[in-house]
Amino acid sequence: MRVDVVGGSERLRHEMVDRLAAEQKAKGLALRPDVEAALRSVPRDLFAPGIPLEQAYANAAIPTKRRGQETISSVSDPFLIAEMLGQAAEALGDMAGRHVLEIGSGGYNAALLRELVGPSGSVTTVDIDPEVTDRGEACLDRAGYGDVTVVCADAEHPIAPGRQYDLIVVTAGAWDVPPAWRDQLTDDGVLVVPVRTFGLTRSWALRRRGSRLVSESHRQCGFVSIQGSGARAMRYVDIADGVHLRLDEGQQVDATVVAERLMEPREEAWAGMSLAPRTVLSDLDLWLAARLAREATEFVVLSAQAEAVESGTVAPAWRFGTPAAVHDGAFAYRSKLRWADRRLDLGAYAHGPQAKAAAGQMVEHMRAWVDAGCPSPVLHVLPAQTPDGELPEGTVVDKRHTRLVLAFTSDEKGTP
């Protein structure tokens, strides 16, 4: 299925894959040989016409359609594509001969999937936007992947009623998991999907178990939001110049009160830890979300512009999305890390009359995570009508179609 080399794309393509392999190794991951081979075979530049070659092979997303200032379609970051394909291949064991449905069509990922499934497999890619599907189909044809089936439809609903797939890969941010995605999977099929819980997005590899889905791996990620019937806009409130709170699960926050608290002196607390640099702090963020959401607080996500961080207005762990909590008497968030001898410590900053207690409470949750062995979360996806007594233990997030349960042991009875 390889196409002829165009210009200097072959060299840049191999350099891109070399970087991806090194970056995954630095994260403690490994680029699977089958995924690596696909990445080395498919010319990314053919799916980004008009873009300079160096930009086409940079480790960054390439916007392909905007609505005003908002990107609504793009060729995803190569590192993210590689990690999600790795999740799929790891869960299935062998991609050869598999039948795949991709939701969110740009063309490049579909071509990579076509390489992975081989001649005996099939790939169907669907998008709600006819401009996107027309563009994707043209790029696929130009790159030599004309046997990929391209469909324009709202994937909230079944694409081909009665047909099932071994793998469904969603390349758009989803707030919920519609029944059609589960029902179109084979009995042991896998769904790889970026799902938002509490405003935090993770790419989950979910195995079908009857009417339920249970995660086998996850990766931190970010995607443009899904469109159509399943769309759910994120809510933001401003609490200072360049400082925002992300509300995604019906939280009720008085932005004026939080803004006033942020003006008060800062209290801080530290866990007193000495952790390795590879500690997976994105797992800690979900642990904090699960813990804090079960208390008398509103769990929110803090995001900030670079100027707000540089001026000292806030000092979050990650300015693009840090766990935070709004208490009756305080506003607290996970702070930037404290480093000593190439080891890290965890801390919390808080503002307001009860700031000291709120910062200490957040740090106690961090210590509990470390004491538990820094566990990784497991996501259970169950139908919306599932009674409480049939839910695994964990933190429940009710969506439109499903009840999500976030747990922190592989045992379905584990609880954070």
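Within the range 233-257, can you find the residues that are in contact (Cβ under 8 Å) with a residue 60 or more places away in the chain and within 18 Å of the chain's Cα centre (by Cα)?
Arg246, Asp248, Glu249
Scan the range 219-256 for residues that are small (Gly, Ala, Ser), part of a loop (DSSP other than H, G, I, E, B) and on the phi < 0 side of the Ramachandran plot and report the count.
3
Of the residues that make up the range 364-379, is at least one within 23 Å of the chain's Cα centre (by Cα) and part of a strand (DSSP E or B)?
Yes, some residue in the range 364-379 is within 23 Å of the chain's Cα centre (by Cα) and part of a strand (DSSP E or B).
Out of all the residues in the range 189-205, is one or more over 15 Å from Leu379 (Cα atoms), more than 16 Å from the chain's Cα centre (by Cα) and at pLDDT 95 or above?
Yes, that holds for at least one residue.
Restricting to the range 57-89, and then to whatever is touching a strand residue (DSSP E or B) at 6+ places or on another chain (Cβ under 7 Å) and of a type in the set (S, T, N, Q), can you tell me which residue is modelled with the highest pLDDT?
Gln87
Looking only at the range 317-328, filter to residues that are in contact with a helix residue (DSSP H, G or I) (Cβ under 8 Å, 6 or more places away or on another chain) and open to solvent by 10 Å² or more (accessible area, probe 1.4 Å); which one of those is nearest to Gly250 (Cα to Cα)?
Only one residue tops the list, namely Val326.
Mind checking whether some residue in the range 4-11 is open to solvent by 60 Å² or more (accessible area, probe 1.4 Å), under 24 Å from Ser203 (Cβ atoms) and at pLDDT below 95?
The answer is no; no qualifying residue exists.
Within the range 302-316, track down each residue that is open to solvent by 10 Å² or more (accessible area, probe 1.4 Å) and β-branched (Val, Ile, Thr).
Of everything in the range 302-316, those that are open to solvent by 10 Å² or more (accessible area, probe 1.4 Å) and β-branched (Val, Ile, Thr) turn out to be Val309, Thr313.
Mind checking which residues of the range 176-215 are out of contact with any strand residue (DSSP E or B) (no Cβ under 7 Å at 6 or more places or on another chain) and over 28 Å from Glu298 (Cα atoms)? Can you show your working first?
Within the range 176-215, the subset out of contact with any strand residue (DSSP E or B) (no Cβ under 7 Å at 6 or more places or on another chain) is 178-180, 183, 209-210.
Once the filter is applied, which keeps residues that are out of contact with any strand residue (DSSP E or B) (no Cβ under 7 Å at 6 or more places or on another chain) and over 28 Å from Glu298 (Cα atoms), the range 176-215 yields Pro179, Ala180, Asp183, Arg209, Gly210.
Would you point out which residue out of Asp127, Asp147, Asp141, Asp134 is in the same structural domain as Pro179 (by the TED database), over 26 Å from the mean Cα position of the chain (by Cα) and within 22 Å of Ala61 (Cβ to Cβ)?
That would be Asp134, the only listed residue that is in the same structural domain as Pro179 (by the TED database), over 26 Å from the mean Cα position of the chain (by Cα) and within 22 Å of Ala61 (Cβ to Cβ).
I'd like to check something: does the range 351-361 contain any residue that is surrounded by 13 or more Cβ atoms within 10 Å (Cβ to Cβ), among the aliphatic types (A, V, I, L, M) and within 25 Å of Arg196 (Cα to Cα)?
no
Only one of Leu185, Leu191 is free of Cβ contacts under 8 Å to residues at least 40 places away in the same chain and within 30 Å of Pro323 (Cβ to Cβ); which?
Only one candidate passes the filter, namely Leu191.
Would it be correct to say that Ala325 is assigned by the TED database to the domain that holds Ile239 and outside any strand (DSSP E or B)?
Spelling it out, it is not the case that Ala325 is assigned by the TED database to the domain that holds Ile239 and outside any strand (DSSP E or B).
Per-residue answers, yes or no, for (1) in the same structural domain as Gly28 (by the TED database); (2) modelled with pLDDT under 95; (3) in a loop (DSSP other than H, G, I, E, B):
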{"site": "Val258", "(1), (2), (3)": "no, no, no"}
{"site": "Arg261", "(1), (2), (3)": "no, no, no"}
{"site": "Pro277", "(1), (2), (3)": "no, yes, yes"}
{"site": "Leu288", "(1), (2), (3)": "no, no, no"}
{"site": "Glu295", "(1), (2), (3)": "no, yes, yes"}
{"site": "Val301", "(1), (2), (3)": "no, no, no"}
{"site": "Val314", "(1), (2), (3)": "no, no, yes"}
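Being open to solvent by 50 Å² or more (accessible area, probe 1.4 Å), of a type in the set (Val, Ile, Thr) and over 23 Å from His244 (Cβ atoms) narrows it down to one residue among Thr409, Thr402, Thr395, Thr386; which is it?
Of the residues listed, the single one that is open to solvent by 50 Å² or more (accessible area, probe 1.4 Å), of a type in the set (Val, Ile, Thr) and over 23 Å from His244 (Cβ atoms) is Thr409.
Of Ala96, Ala138, Ala160, which residue is aliphatic (A, V, I, L, M), open to solvent by 20 Å² or more (accessible area, probe 1.4 Å) and at pLDDT below 95?
Ala160
State which residue is least open to solvent (accessible area, probe 1.4 Å) when the search covers only the range 217-274 and only residues that are of a type in the set (Lys, Arg) and within 30 Å of Arg342 (Cβ to Cβ).
The qualifying residue least open to solvent (accessible area, probe 1.4 Å) is Arg219.
Applying the selection to the range 134-175, what residues are within 22 Å of Ala233 (Cα to Cα), in contact with a strand residue (DSSP E or B) (Cβ under 6 Å, 6 or more places away or on another chain) and outside any strand (DSSP E or B)?
Ala153, Ala155, Trp175
The values are calculated or read from the model by the stated rules, or taken from the named source; none is laboratory data. Just so you know, these numbers come straight off a predicted model, no measurement behind them. Ideal geometry is used to build each Cβ from the backbone, glycine not excepted, and the neighbour counts take in all protein chains shown. Side chains are part of the model used for accessible areas, which takes the heavy atoms of the whole protein and leaves out ligands, DNA and RNA. Shrake-Rupley method; radii C 1.70, N 1.55, O 1.52, S 1.80 Å.
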